[in-house]
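In what follows, a structure is listed as structure tokens, so that the remarks can point back to it.
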Amino acid sequence: MNPVRNIDFAGDNKISNGVKILGSLLISILLFLPQPVSGGEGAMGKKVVMIIAKNGFRDEELQEPKTVLEKAGVKVVLASSSPGTAVGMLGARVKVEKTINEVNPSDYDAVIFVGGRGASEYFEDSTAHSIAKRANEQGKLVCAICIAPVTLARAGLLTGKRVTVFSSEANQLKQAGAIYTRGGVEVDGNIITADGPGSAREFGRTILTSLRGGQR
């Protein structure tokens with residue numbers, strides 16, 4: 001007869017426990033690895049400039065699109081008419097990273113004009129108009145929210161375009177030859193417009209979709 005082999009159950013238990021520990025360690029490592037941001041595909045490495053009023057930009061119209069874009073890996077640069085601290089209508093204070101004189105549209109995938117009552121400082125600003133025109137000529141996204149689409153209209157970018165704006169400025173867009181839709185967010189080619197703070201988050205999402213190569 002063959003001798004009965006002694007089975008080392010204690011050894012098997014040690015192996016089983018070792019496997020469990022190794023599995024737990026692997027799970028822990030995976031949990032702490034950088035995770036891709038939902039909706040960020042195709043947006044990593046993109047760069048945009050948000051042009052804000054030095055005094056009186058609309059807080060949500062800066063903060064909400066900025067958050068949407070940054071969470072997807074987009075680099076956001078803040079520009080204004082002069083250096084220092086820009087102040088929002090609701091009290092937000094942000095550091096100006098560039099003056100508009102230093103903005104080269106070639107460096108960015110999108111130029112975004114933020115609204116708020118202070119945004120009227122760019123309505124007749126030749127530098128702001130030049131930035132918008134050059135960005136448009138280069139096929140970059142040119143975006144504006146609230147009253148800021150008036151700057152695009154004065155720069156001659158909205159003729160024949162389907163756009164929206166804060167309702168008080170609708171006639172200014174119509175007079176510039178734009179097709180005013182009353183919508184929350186409108187996309188016409190590389191031009192993206194939104195009507196105010198209530199549409200700020202969707203404005204950001206729409207810009208992100210276009211940066212990722214979405215339909216224009």
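Overview of values
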quantity	calculated
Residues (touching a strand residue (DSSP E or B) at 6+ places or on another chain (Cβ under 7 Å) and either of a type in the set (Ser, Thr, Tyr) or closer than 18 Å to Ile100 by Cβ (or both)) located in the range 142-172	Val142, Cys143, Ala144, Ile145, Ala148, Pro149, Thr151, Leu152, Leu157, Thr164
Ala176 out of contact with any Gly (no Cβ under 6 Å at 6 or more places or on another chain), at pLDDT 95 or above and buried (at least 17 other Cβ atoms within 10 Å of the Cβ)	yes
Output for the range 166-197, where each listed residue is over 20 Å from Thr209 (Cα atoms) and of a type in the set (A, V, I, L, M)	Ala170, Leu173, Ala176, Ala178, Ile179
Complete set of residues in the range 120-136 that are closer than 21 Å to Gly196 by Cβ and within 18 Å of the chain's Cα centre (by Cα)	Ala132
Which listed residue is closer than 25 Å to Ala43 by Cα, surrounded by fewer than 19 Cβ atoms within 10 Å (Cβ to Cβ) and of a type in the set (D, E, K, R), from Glu186, Glu202	Glu202
Residue count for the range 70-108, restricted to those that are touching a helix residue (DSSP H, G or I) at 6+ places or on another chain (Cβ under 6 Å) and closer than 19 Å to Glu202 by Cβ	2
Set Gly84, Gly91, Gly116: member being touching a Pro at 6+ places or on another chain (Cβ under 9 Å), at pLDDT 95 or above and farther than 28 Å from Met44 by Cβ	Gly116
Residue within the range 136-143 that is within 18 Å of Gln172 (Cβ to Cβ) and either at pLDDT 95 or above or polar (S, T, N, Q) (or both) present	yes
Tally, over the range 42-64, of residues that are part of a strand (DSSP E or B) and either of a type in the set (Lys, Arg) or within 13 Å of Ile112 (Cβ to Cβ) (or both)	6
Any pair with Cβ under 9 angstrom, 6 or more apart, that starts in the range 47-65 at a residue that is on the phi > 0 side of the Ramachandran plot and ends at one that is of a type in the set (D, E, K, R)	Gly56/Arg117; Gly56/Glu121
Of residues in the range 137-151 being more than 20 Å from Ser106 (Cα to Cα) and over 14 Å from the mean Cα position of the chain (by Cα), the one surrounded by the most Cβ atoms within 10 Å (Cβ to Cβ)	Pro149
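The values are calculated or read from the model by the stated rules, or taken from the named source; none is laboratory data. All values derive from a computational prediction rather than experimental measurement. Every residue, glycine as well, gets a Cβ built from its backbone with ideal geometry; the counts of neighbours run over all protein chains shown.
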